Each structure stands twice: as structure tokens, then as C-alpha cells.
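Remarks on the structure that follows.
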Amino acid sequence: MNKKYSFLLPIIIASAIAIGFFIGGKLNFNDSPERLFSTNSKKDKLNRLIDYIDYEYVDDVNTDSIVDVTVNSILEKLDPHSVYISEKEMDRVSDNMKGDFVGIGVNFYAYKDTITVIKTVKDGPSFVKGILPGDRILMADNDTLFGKDFPSEIIVEKLKGKEGTTVDLKIFRKAENKTFNIKVKRGVVPLKSIEAYYMLTKDIGYIKVNRFAESTYKEFKISLIELQKRGAKKLVLDLRDNPGGYLGMAEEIADEFLKDGKLILFTKNKKGKINKSFATDEGSFEDKPVYVLINERSASASEIVAGALQDNDIGTIIGRRSFGKGLVQREMALGDGSAVRLTVSRYYTPTGRSIQKSYANGTKDYYQRFTDRYHSGEMISVDSIKVADSLKFTTPLGKVVYGGGGIIPDVFIPIGSNEEEAVESMDNLGFLSFFVFEHLEEDRERYAQYNQEEFVNDFKVDDILFEKFVEYSVDRNLRMNFYDHEKSIKLFLKASIAEQLFNTNIHAKIKADEDTMLQKVLELDGSVVQQQDSGLIKANN
């Protein structure tokens, strides 16, 4: 095939798959081989193969699964971020990006064969009805939810439903040793993308954004206004571990810091068409210090925000080199409830940088490059980051920045030791949370005496609880020098207890004492840091 037109083949095949089942029954299987391989065969070949399997193959085959595998195989050959979303996955993906879902508003664990409430969503349906942490949900309508190893998605399916519908729950409350029935009306439950916000100091606010969903800018604006009311004149915007999301949300958040007319980014499609996005006069945090925290798992929309501020000489980017995703996807329905998120353009930062790392050698190599960062030394030393001189750009104030493979921060913070990262992972991945949940189940009354302020100021994790955690971890084959990290583990245990008793803001605020990037913000605030020849601002760590 002429190379000029070879790019059409994947699109033609994908389209053929999407419509194959609708026209399959109408195909004439007596057509000649000449008809099968005629000039229209590019559209017909895959459809016919699937139909032959469906109608003629000796055994029954799930042709839906064949289509899913085929579509995924096609997309994998395009780029690592063009993906297929099956009909089964669409609800979950849509809820996550929409920023809410319809349900009863509880977080739960399947604990000892029983659905046990961790906490209720404040002002949500279950909160209003008085359901409490520790309550066991025994039944939902006529469905028994205890005594079986139900997958989480099955439980969620039984508790979710249409807005305004009701579900009859049978609850066992351990603290009062009683069982009762309660009718809960399903309602809209938010999926927060602002994980936490609080005052780091008397004039520095902190906002943690975990993804860019439809509701993110609205949540961000509410948080920012609240922090400004509390006296925030400076801001820490935490984008660590944020994988991205909607481009528009990144543009709106960047606009909060940039003056009217400043370029936020531009995109370019396969035809060379360029679309530019500019800041408006709506920003409420212009001309104020901002610190943006990023790491190796900050990607896509996170990189748009960091790149827009860095290229406009606004604020200070702190952390480690970001992931390096500079491709823009658009979701396209395939007609059967499934969809494809197809890469339709590249985006560039205001100086003209593309931060997309190469995927020329396929998806496996693409993600291996990410893993290689841990072995190359760049997670420990900024000098180990290798960037070609051809990817060097200059901001309006003369700061040198680099394209290719992510946003390189202004201030580099090395990754912690393996065991320090292991402690952090125990918190991020829920290991600490489940231990704390079991601990609270033993004696929730112990903590009833504390309000939020008293807990933060007065509560200390004692040696008995620490030793229980060590024993719990060892029993689950977790091996590390626990006593070398006793201070950090106790702090993280306190933070996890606070999250389950109160909220994520208290959890984040308690952890700040052990957060090297936040400690660097406090160190840099008001201090003078010299720019090095490399274009990076280096500070002692």
C-alpha cells in the first residue's frame, strides 16, 4: 500500500469492527473469492472473518471478546494512549471522569465476609440517614451481602441505581449490638478530585488535585476561595501522582495564575492545524507566589499546568521530572456502548516544547523508559537527566527549559530510599488504612473524646499500636527495618486514623511534617535561590 495512505488502514478496520455485527446477518456467504478480495475487501474482510467464526466455526465462540481483542491490538500499534473502553467499563470510566455517580454514599470494606462501612460521604444519602462508620450492611433489598465472597463491583452494582430510587438496607451496628432496617434514597454522590486543601502556614494555602475530571475546576475554585478567606497569599498546588484528564480543566486552572492574553498551550493535529489557548482576565491568583509539586507519575493535564506556569515564568516547579505525555485524546463512541479514546493531536507548552517521550519502538519500550529512570540515577540526581541540546527552549525571562520526556522541575527533590518509599506506598495503596480500620473496629469509643483540633494537637500513636502494626505487617510477609522508620510510621498511622475519623484534609495536613517537597517549599519561601547554567534551580537537599 502507498505509504501516503497507509495511516487509513487502522481506522478502516476499527470502523469495520464497530459495524460488523449489525450487517453480519445480511452477508452472502456464497460470494466468490474474487468478491471477498475485491477493492472493497479492506472494509469487508474482518467483518466476514468474524461472521464466518460466528456462523460456521465448529465450536461456540464469544465473538464479542474477539472484537475487543482485535480493537485493542489495533490501538496498541498506534500509540500508548489510544485505548478502547468496553461497554462493561464505560460506566466506571464515565463516573470517574464526570466527578460523581448515583448511589448511597458510603466507603466500605468487605470485612470478614461482611460489608462494613468505613465512613459515609458528608451530606450524602447514608450520612443523612444516620449510617455510621463500623455499621455492617447485611442486605440490600432482598439480596444478602454477607457470608459470600462478593467482588466489590457486584456490591457497588447492588447499591447504585437511578437517582431518586430507594434501597432497603438491613444494618447491624456492632457498637450497640442491634440490627435494624433503613430505607435510603439514592442520590448524586461526588467523586472528589480535590483530595485535600488546608493552610500550610498562616499565609500559604495547599491544594492537592488527584485528577482532572469534569468537576475539578469547580472544586478547585471553591477550595481556592476558601483558602483566600483564611489568609492564603501564596499557594502550593500539588499535582504529584496526578495522571491527567480533561484538557479544558487544566486550561481553566492554569488561567487562575496567568494574566489576560498569556498563552497557556497550543495543539497541533495531523493536518498541521494549530489551536491556541490563552488566559483570560478571570484569574484570581495572578501575581501571587505559587509552588507546583510534580513527580514521575504526574502526567498529561498535570504537565499542561506545570508547563504553562514554567514557560510564563510564573511560580516554582518543585519535584522530579514528570511522566512525559504530550498527546491529546478524544473519546469517540463505537455505537454499541463502547468507545475509543483516540489520539487526535499533540500539545505544546507556550515556548513550543513538546514534552511527549518517544513511543517509536512500541508500548513495551515506552513504559520501560519510565522504569529505566529508577536505574539511571535520575530519581536521585538532577544531573542524571539526559536531554538533547536540540530540545532546549528559553522562557521570556531567560530561564532555560527542556522538551522531550516530561517537565523538568526548577527545584529538584530526590526520591527517598526504598524503605522510605515503602512506607509512603503502605499509605497510598491502602495497607495502613486497612490496619487502622481493624484497629478502630476493636475500640471506636477510645477516639470519641477527640475533635479534629484536639486529635491533631494531642493524639500520639503509642508504642503498643506501633508494635501491633509491625506484627500485622510481618504476618503479611512485609519485611523492612520498621524501627528505623518508627517516627514516620507513627505519623502515617496517625494520619490514617484521622482520615477515617474526620477527613482527607486532616490526613494530608498531618503527613506534611514528613513530606520532603513541602518542607522544601517552607525552606524556599522568601529565600533567594541561584539559577545554575543547566537552566535548573538547584537547592541543597
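Some values worked out for this structure:
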quantity	calculated
Residue list for the range 280-298, filter: surrounded by 24 or more Cβ atoms within 10 Å (Cβ to Cβ) and either under 15 Å from R353 (Cα atoms) or of a type in the set (A, V, I, L, M, F, W, C) (or both)	V292, L293, I294
Considering residues of the range 336-371 that are among the charged types (D, E, K, R) and part of a loop (DSSP other than H, G, I, E, B) only, the residue modelled with the highest pLDDT	R353
From A308, A232, residue being under 30 Å from T371 (Cα atoms) and small (G, A, S)	A308
Within the range 172-279, strands (runs of 3 or more DSSP E) holding 1 or more residues that are outside the structural domain of N142 (by TED's automatic domain parsing) and among the aromatic types (F, W, Y)	194-199, 204-209, 263-269, 274-278
Condition met for D336 (surrounded by fewer than 20 Cβ atoms within 10 Å (Cβ to Cβ) and within 24 Å of I85 (Cβ to Cβ))	yes
Some residue of the range 161-173 being touching a Ser or Thr at 6+ places or on another chain (Cβ under 6 Å) and either farther than 25 Å from L247 by Cβ or not polar (S, T, N, Q) (or both)	yes
Within the range 121-144, considering residues that are part of a loop (DSSP other than H, G, I, E, B) and farther than 16 Å from K183 by Cβ, the one nearest to the chain's Cα centre (by Cα)	V121
Matching residues in the range 394-416 - criterion: being free of Cβ contacts under 8 Å to residues at least 60 places away in the same chain, more than 24 Å from the chain's Cα centre (by Cα) and assigned to a loop (DSSP other than H, G, I, E, B)	G398
Number of the condition not met by K119 [criteria: (1) in contact (Cβ under 8 Å) with a residue 60 or more places away in the chain; (2) closer than 20 Å to E163 by Cα]	(2)
Of all residues making up the range 206-232, the number that are under 25 Å from K520 (Cβ atoms), within 23 Å of the chain's Cα centre (by Cα) and hydrophobic (A, V, I, L, M, F, W, C)	5
Per-region count, the range 466-484, residues surrounded by fewer than 18 Cβ atoms within 10 Å (Cβ to Cβ) and either over 31 Å from the mean Cα position of the chain (by Cα) or not hydrophobic (A, V, I, L, M, F, W, C) (or both)	11
Answer residue from the range 145-165, given it is in a helix (DSSP H, G or I) and not hydrophobic (A, V, I, L, M, F, W, C) and is farthest from the chain's Cα centre (by Cα) among those	K158
Neighbours by Cβ (under 6 Å, 6+ apart or cross-chain): first from the range 75-87, closer than 14 Å to D365 by Cα; second not in a strand (DSSP E or B)	E76/T363; D79/Y359; P80/Y359; P80/T363; P80/Y366
Matching residues, the range 452-476, being within 16 Å of H507 (Cβ to Cβ) and in a loop (DSSP other than H, G, I, E, B)	F459, V461
Test: residue in the range 482-494 that is in contact with an Asp or Glu (Cβ under 6 Å, 6 or more places away or on another chain), aliphatic (A, V, I, L, M), assigned to a loop (DSSP other than H, G, I, E, B) and not assigned by TED's automatic domain parsing to the domain that holds I118	no
Single unsatisfied condition, D313 versus (1) at pLDDT 95 or above; (2) farther than 16 Å from H81 by Cα; (3) in contact with a strand residue (DSSP E or B) (Cβ under 8 Å, 6 or more places away or on another chain)	(3)
Tally of residues being assigned to a helix (DSSP H, G or I), among the β-branched types (V, I, T) and surrounded by fewer than 21 Cβ atoms within 10 Å (Cβ to Cβ) across the range 511-529	1
Test result for V83, outside the structural domain of F435 (by TED's automatic domain parsing), among the aliphatic types (A, V, I, L, M) and under 24 Å from the mean Cα position of the chain (by Cα)	yes
Total residues in the range 47-84, condition outside any loop (DSSP other than H, G, I, E, B), within 18 Å of L327 (Cβ to Cβ) and not β-branched (V, I, T)	4
Candidate set: the range 372-387, residues that are assigned to a loop (DSSP other than H, G, I, E, B) and free of Cβ contacts under 8 Å to residues at least 40 places away in the same chain; chosen: the one nearest to G404 (Cα to Cα)	V387
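Residue-wise test of (1) touching a helix residue (DSSP H, G or I) at 6+ places or on another chain (Cβ under 6 Å); (2) in contact (Cβ under 8 Å) with a residue 60 or more places away in the chain; (3) within 27 Å of K77 (Cα to Cα); (4) charged (D, E, K, R).
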{"site": "I264", "(1), (2), (3), (4)": "yes, yes, no, no"}
{"site": "G272", "(1), (2), (3), (4)": "no, no, yes, no"}
{"site": "K276", "(1), (2), (3), (4)": "no, no, no, yes"}
{"site": "E296", "(1), (2), (3), (4)": "no, yes, yes, yes"}
{"site": "A301", "(1), (2), (3), (4)": "yes, yes, yes, no"}
{"site": "Q329", "(1), (2), (3), (4)": "no, yes, yes, no"}
{"site": "Y359", "(1), (2), (3), (4)": "yes, yes, yes, no"}
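Here is a yes/no grid of residues against (1) more than 26 Å from the chain's Cα centre (by Cα); (2) polar (S, T, N, Q):
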residue: P243; (1), (2): no, no
residue: Y246; (1), (2): no, no
residue: E252; (1), (2): no, no
residue: D255; (1), (2): no, no
residue: K262; (1), (2): yes, no
residue: S277; (1), (2): no, yes
residue: D281; (1), (2): yes, no
residue: F285; (1), (2): no, no
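Listed here are the residues, each with its yes/no results for (1) modelled with pLDDT of 95 or more; (2) loosely packed, with under 15 Cβ neighbours inside 10 Å.
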| residue | (1), (2) |
| --- | --- |
| A175 | no, yes |
| G187 | no, no |
| I194 | yes, no |
| Y206 | yes, no |
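For (1) within 30 Å of M199 (Cβ to Cβ); (2) in contact with a strand residue (DSSP E or B) (Cβ under 8 Å, 6 or more places away or on another chain), each residue gets a yes or a no:
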site	(1), (2)
D410	yes, yes
E419	no, no
G430	yes, no
D443	no, no
Y447	yes, no
E453	yes, no
N457	yes, no
D462	yes, no
A498	yes, no
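The values are calculated or read from the model by the stated rules, or taken from the named source; none is laboratory data. These numbers were taken from a predicted model, which means no experiment stands behind them. Because the Cβ atoms are built from the backbone with ideal geometry, glycine has one as well, and the counts that use them run over all protein chains shown.
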